[in-house]
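The values are calculated or read from the model by the stated rules, or taken from the named source; none is laboratory data. Predicted model only: the values in this text are computed from it and were never measured. No Cβ is skipped: glycine too gets one built from the backbone with ideal geometry, and neighbour counts run over all protein chains shown.
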Amino acid sequence: MENVQYTGPSPFIWPSPPYTPKVLTPNPTQNNGVGGNPPMVQASAGSLPDIQSNPGFSGPYVANTGNAVQTFLWECSNLNDGAFSTFPGISYSIVRTVEKDQSGDWEYIVTRNGVVGTIDPLP
């Protein structure tokens, strides 16, 4: 299961602008990849979706940076009474930034442990 812990309150309130107003996200956000708890993704599936989403954008844009930490958890009905456990040593920093690029256009940058995705320019 994916677990994303945002820096901020629970539920997390996306700042507006630059994001769509009045959007609340559970904090932490937990995703088991199949839309319910249970069922869960079986280990034999080999993967879990990892989507770096945001609620959309709303202007006028302002500079903003938000941080989160992503971890992954596993469970086994025969261990620890079926409680979730984190994979040791596996934690990812997520940084979402809205800023002006070198040409003066607003851009969105999401970085997770050195991997970068961008929307430039913002709509």
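Suppose we filter PRO11, PRO60, PRO28 for residues that are closer than 19 Å to TYR108 by Cβ and at pLDDT 85 or above; which single one remains? Spell out how you get there, then give the answer.
Working: PRO11 fails: closer than 19 Å to TYR108 by Cβ; PRO28 fails: closer than 19 Å to TYR108 by Cβ.
Just one listed residue meets the conditions, PRO60.
What number of residues in the range 66-107 are assigned to a strand (DSSP E or B) and either touching a helix residue (DSSP H, G or I) at 6+ places or on another chain (Cβ under 8 Å) or polar (S, T, N, Q) (or both)? Give the steps one after another, and end with the answer.
Let us first name the residues in the range 66-107 that are assigned to a strand (DSSP E or B), namely 66-74, 85-100, 106-107.
Right, trim to either touching a helix residue (DSSP H, G or I) at 6+ places or on another chain (Cβ under 8 Å) or polar (S, T, N, Q) (or both) and you get 67, 70-71, 74, 85-86, 91, 93, 97.
Residues that pass the stated criteria total 9.
Condition first: touching a residue at least 60 places away in the same chain (Cβ under 8 Å) and surrounded by 15 or more Cβ atoms within 10 Å (Cβ to Cβ). Now tell me which residues in the range 56-71 satisfy that.
PHE57, TYR61, GLY66, ALA68, GLN70, THR71
Can you tell me which residue within the range 67-90, out of those that are in contact with a Phe, Trp or Tyr (Cβ under 9 Å, 6 or more places away or on another chain) and not hydrophobic (A, V, I, L, M, F, W, C), is modelled with the highest pLDDT?
Here is the first cut: in the range 67-90, the ones in contact with a Phe, Trp or Tyr (Cβ under 9 Å, 6 or more places away or on another chain) are 67-75, 84-87, 90.
With not hydrophobic (A, V, I, L, M, F, W, C) added as a condition, the list becomes 67, 70-71, 75, 85-86.
On the way: ASN67: 96, GLN70: 93, THR71: 91, GLU75: 83, SER85: 88, THR86: 89.
Among residues in the range 67-90 that are in contact with a Phe, Trp or Tyr (Cβ under 9 Å, 6 or more places away or on another chain) and not hydrophobic (A, V, I, L, M, F, W, C), the one modelled with the highest pLDDT is ASN67.
Go through the range 78-105 residue by residue and tally those that are charged (D, E, K, R) and loosely packed, with under 14 Cβ neighbours inside 10 Å.
At the first step, the residues of the range 78-105 found to be charged (D, E, K, R) are 81, 96, 99-101, 105.
Now drop any that are not loosely packed, with under 14 Cβ neighbours inside 10 Å, which leaves 81, 100-101, 105.
Result for the range 78-105: 4.
Is it fair to say VAL110 is under 24 Å from THR7 (Cβ atoms), in a strand (DSSP E or B), touching a Lys or Arg at 6+ places or on another chain (Cβ under 8 Å) and among the hydrophobic types (A, V, I, L, M, F, W, C)? Let's see the steps before the verdict.
Values: under 24 Å from THR7 (Cβ atoms): yes; in a strand (DSSP E or B): yes; touching a Lys or Arg at 6+ places or on another chain (Cβ under 8 Å): yes; among the hydrophobic types (A, V, I, L, M, F, W, C): yes.
Yes; evaluated as a whole, the condition is true for this residue.
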